[in-house]
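The values are calculated or read from the model by the stated rules, or taken from the named source; none is laboratory data. On a predicted model such as this, the values are computed, not experimentally measured, just so you know. Positions of Cβ are backbone-derived with ideal geometry, glycine not excepted, and every protein chain shown enters the neighbour counts. Note: areas computed on protein heavy atoms with side chains; ligands, DNA, RNA excluded. Shrake-Rupley method; radii C 1.70, N 1.55, O 1.52, S 1.80 Å.
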Amino acid sequence: MQTHGVEIANRLHAAGHPLEVLTYRARDEAAARYDAALAYPVRRVLSRVSFWRNIEIVAAAARGADLIYASTIYFGLAGARAGLPVVCRSAGNDVQR
């Protein structure tokens, strides 16, 4: 997970908000150990190759949520599919769609 994503997730969790993190698959044990130490679920299910599949995964996982926070503006499409607002941070530029 990106540094700002971890910080946002940590603060939301500390404030009592339920959350689940979806992020890119990792091939090393260090990522699994890092994720296991967090106080909220992290699912490494996204591919760095299949953009449209990632949109489907995020949209399906977000059903019933209040919003989607994403590290790139491209996940706005997942919000549209799930009927949710999306807050994005991309290269330091904050966007709400």
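I need a count of the residues in the range 1-25 that are closer than 11 Å to Tyr69 by Cα and without any contact (Cβ under 8 Å) to a residue 40 or more places away in the chain. Here the count works out to 4.
Scanning the range 35-74 for residues that are closer than 17 Å to Arg11 by Cα, aromatic (Phe, Trp, Tyr) and either out of contact with any Leu (no Cβ under 9 Å at 6 or more places or on another chain) or free of Cβ contacts under 8 Å to residues at least 40 places away in the same chain (or both) turns up just one, Tyr40.
Of all residues in the range 26-49, those that are under 24 Å from Gly64 (Cα atoms) and in a loop (DSSP other than H, G, I, E, B) total 5. Taking the range 25-83 as the range and being polar (S, T, N, Q), in contact with a Ser or Thr (Cβ under 9 Å, 6 or more places away or on another chain) and loosely packed, with under 15 Cβ neighbours inside 10 Å as the test, only Thr72 passes.
For the range 1-13, the criterion of being open to solvent by 60 Å² or more (accessible area, probe 1.4 Å), in a loop (DSSP other than H, G, I, E, B) and among the β-branched types (Val, Ile, Thr) is met by none of the residues. Among the residues of the range 84-95, the one identified as at pLDDT 75 or above, part of a loop (DSSP other than H, G, I, E, B) and either touching a Ser or Thr at 6+ places or on another chain (Cβ under 9 Å) or among the aliphatic types (A, V, I, L, M) (or both) is Leu84.
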